[in-house]
Amino acid sequence: MNINHICIIGLGYIGLPTASTFANMGIQVTGVDNNPDVVKSLKAGKVHIYEPGLGEVVEKALKSGKLQVANAPVPADAFIIAVPTPFYDDKKADLSYVCSAAESIVPILRPGNLVILESTSPPLTTRDRVQPILEKTGMKAGKDFMLAYSPERVLPGQILKELIENARVIGGVDRASAEAGRDLYKLFVKGEIILTDATTSEMVKLMENTYRDVNIAIANEFSRLADRFGVDVWEAIQIANRHPRVKILNPGSGVGGHCISVDPWFFVEAAPDITPLIHTARNVNDGQPKFVITLVDRALGGIQGKQIAVLGLAFKPDVDDLRESPAVEVSRLLVKAGAIVTAYEPYKSDFKIQGASVMPTLKKTILNAEAILLLVDHLQFRSLSPAEVIKLTKARIIIDAVNSLNFVEWQSTGFKLYRLGDRKNS
Ligand code: SAJ
């Protein structure tokens with residue numbers, strides 16, 4: 001397939017890096033977003049999200065003129081839908097963004113076009129939801145135009161590298177659609193390109209994130225067991241992982257972000273009668289912030305009225321993304337339990353949590369605290385010197401939920417360090 005112009009709908013964490021990468025390969029790209037603020041800031045050369053290296057890549061693409069930004073799709077050879085698929089309060093997938101993106105293509109779809117859905121979606125979305133919308137044109141998928149599902153699988157923090165190097169799965173509604181998808185992505189993908197059908201590739205994406213969620217859930221449950229039995233879970237995991245077929249992940253304050261904490265629900269919604277393990281793993285991970293609260297309660301002898309400084313609100317280290325963040329949930333639970341909470345998130349200091357004070361600096365956050373609660377293993381926190389910190393705070397209790405700090409070093413400086421999953425040493 002000959003591709004000269006690509007229209008990418010949704011300029012978020014996936015759409016924007018993808019659009020810029022295509023543009024920097026010399027392809028004409030129109031990036032579309034229905035949020036006028038996003039369009040405005042990109043037109044002014046400003047990137048609205050933080051991802052290492054993204055600023056430079058976007059700047060290059062915009063300056064070359066190969067990346068244009070618009071608020072509605074324009075005719076093109078290929079369309080990529082990369083909009084969010086959030087879930088409702090009842091954990092059911094909200095496909096309204098996917099459907100309205102597909103609707104927006106209908107008036108401009110031409111014979112021979114390729115449409116790719118990248119948004120993580122429940123099984124059968126491409127076939128049963130997107131295809132019928134596009135066929136309102138009177139054209140048939142697989143005959144008059146091509147349609148495929150190709151999930152993004154990049155890790156926030158390493159998006160630009162993984163976009164190019166990861167293997168890419170492309171599931172077509174027919175073979176020609178999958179092959180057209182390969183023609184598109186081979187413009188920049190260096191990893192293997194695997195062709196399959198649309199529903200298989202939808203499942204592959206959900207299986208990957210569900211697999212990780214279940215494995216993190218077991219690590220979190222191990223942290224609770226270690227706490228009960230007076231064991232240091234981190235030591236136990238390290239020893240268990242010497243077994244050639246065991247690779248236990250890290251416990252922490254829970255699972256956040258817009259991928260792993262959401263995607264398994266798509267399976268549970270689609271087939272609740274056959275997914276008890278997946279459902280339980282989700283509940284275990286969602287329950288981990290409460291486990292962190294029990295640790296804080298024990299370390300401080302109660303939470304009511306205590307001044308607690310929370311370090312880190314992002315869903316994981318070194319990203320600015322706070323969606324579904326367990327650290328935010330922990331902060332809310334602390335406020336609910338009557339604590340006086342100050343919080344610091346270096347990547348988003350203007351974030352608001354009702355009842356808590358999000359501070360602009362670390363210094364202001366810890367100044368009057370009785371305890372410091374470390375929830376995210378940001379590099380900035382990992383490299384803190386206890387000798388410096390002790391001069392900046394009244395707190396002598398540190399609770400480390402992510403095994404970030406050197407136990408011996410912090411203890412010997414005069415802090416009492418409590419670690420999640422380490423009843424042996426506290
Ligand atoms: N986490 C733990 N313990 C661990 C690993 C992670 O508690 O050992 C927590 C993190 O702190 C975070 C959450 O899990 O709150 C998810 O973080 P992550 O780094 O595991 O994954 P994401 O959500 O940033 O990205 C995932 C990736 N999927 C897999 O690794 C299978 C990525 O490749 C996907 O592209 C991405 O989801 C996505 O967009 O779906």
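Please verify whether the range 30-50 includes one or more residues that are within 16 Å of the ligand (Cβ to nearest atom) and not acidic (Asp, Glu).
yes
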Problem - Per-region count, the range 340-375, residues in contact (Cβ under 8 Å) with a residue 40 or more places away in the chain and touching a strand residue (DSSP E or B) at 6+ places or on another chain (Cβ under 7 Å) - result: 14
Exercise for the section: Filter the range 324-345 down to the residues that are assigned to a loop (DSSP other than H, G, I, E, B) and surrounded by fewer than 19 Cβ atoms within 10 Å (Cβ to Cβ), then identify the one that is nearest to the ligand (Cβ to nearest atom). Expected result: ALA337
Exercise for the section: Could you list all residues from the range 287-319 that are surrounded by fewer than 17 Cβ atoms within 10 Å (Cβ to Cβ) and either free of Cβ contacts under 8 Å to residues at least 12 places away in the same chain or farther than 24 Å from THR393 by Cβ (or both)? Expected result: GLY287, LYS290, THR294, GLY301, GLY302
Problem - HIS279 being modelled with pLDDT of 95 or more and either within 24 Å of ALA371 (Cα to Cα) or within 24 Å of the chain's Cα centre (by Cα) (or both) - result: yes
Problem - Among the candidates ILE353, ILE399, residue that is away from the ligand (no atom under 16 Å from the Cβ), assigned to a strand (DSSP E or B) and surrounded by 16 or more Cβ atoms within 10 Å (Cβ to Cβ) - result: ILE399
Problem - Exclusive hit being modelled with pLDDT under 95, within 15 Å of the ligand (Cβ to nearest atom) and either in contact with a helix residue (DSSP H, G or I) (Cβ under 8 Å, 6 or more places away or on another chain) or within 30 Å of HIS48 (Cβ to Cβ) (or both), set ASP321, ASP286 - result: ASP321
Exercise for the section: Output the residue which, of all residues in the range 9-29 that are of a type in the set (A, V, I, L, M) and away from the ligand (no atom under 16 Å from the Cβ), is surrounded by the fewest Cβ atoms within 10 Å (Cβ to Cβ). Expected result: MET25
Practice task
Hey, could you check the range 172-192 for residues that are within 16 Å of the ligand (Cβ to nearest atom) and touching a helix residue (DSSP H, G or I) at 6+ places or on another chain (Cβ under 7 Å) and say which is nearest to VAL130 (Cα to Cα)?
Solution key: VAL189
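Here is a yes/no grid of residues against (1) aliphatic (A, V, I, L, M); (2) touching a strand residue (DSSP E or B) at 6+ places or on another chain (Cβ under 6 Å); (3) assigned to a loop (DSSP other than H, G, I, E, B); (4) farther than 24 Å from TYR97 by Cα:
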{"position": "ILE3", "(1), (2), (3), (4)": "yes, yes, yes, yes"}
{"position": "ILE6", "(1), (2), (3), (4)": "yes, yes, no, no"}
{"position": "TYR13", "(1), (2), (3), (4)": "no, no, yes, no"}
{"position": "LEU16", "(1), (2), (3), (4)": "yes, no, no, no"}
{"position": "THR30", "(1), (2), (3), (4)": "no, yes, no, no"}
{"position": "ASN34", "(1), (2), (3), (4)": "no, no, yes, no"}
{"position": "VAL38", "(1), (2), (3), (4)": "yes, no, no, no"}
{"position": "ILE49", "(1), (2), (3), (4)": "yes, no, yes, no"}
{"position": "GLU56", "(1), (2), (3), (4)": "no, no, no, yes"}
Exercise for the section: Can you tell me which residue among LEU249, LEU206 is within 10 Å of the ligand (Cβ to nearest atom) and not assigned by TED's automatic domain parsing to the domain that holds ILE397? Expected result: LEU206
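The values are calculated or read from the model by the stated rules, or taken from the named source; none is laboratory data. Please read all numbers here as calculations on a predicted model, not as lab measurements. Cβ atoms come from the backbone with ideal geometry, glycine included; neighbour counts cover every protein chain shown.
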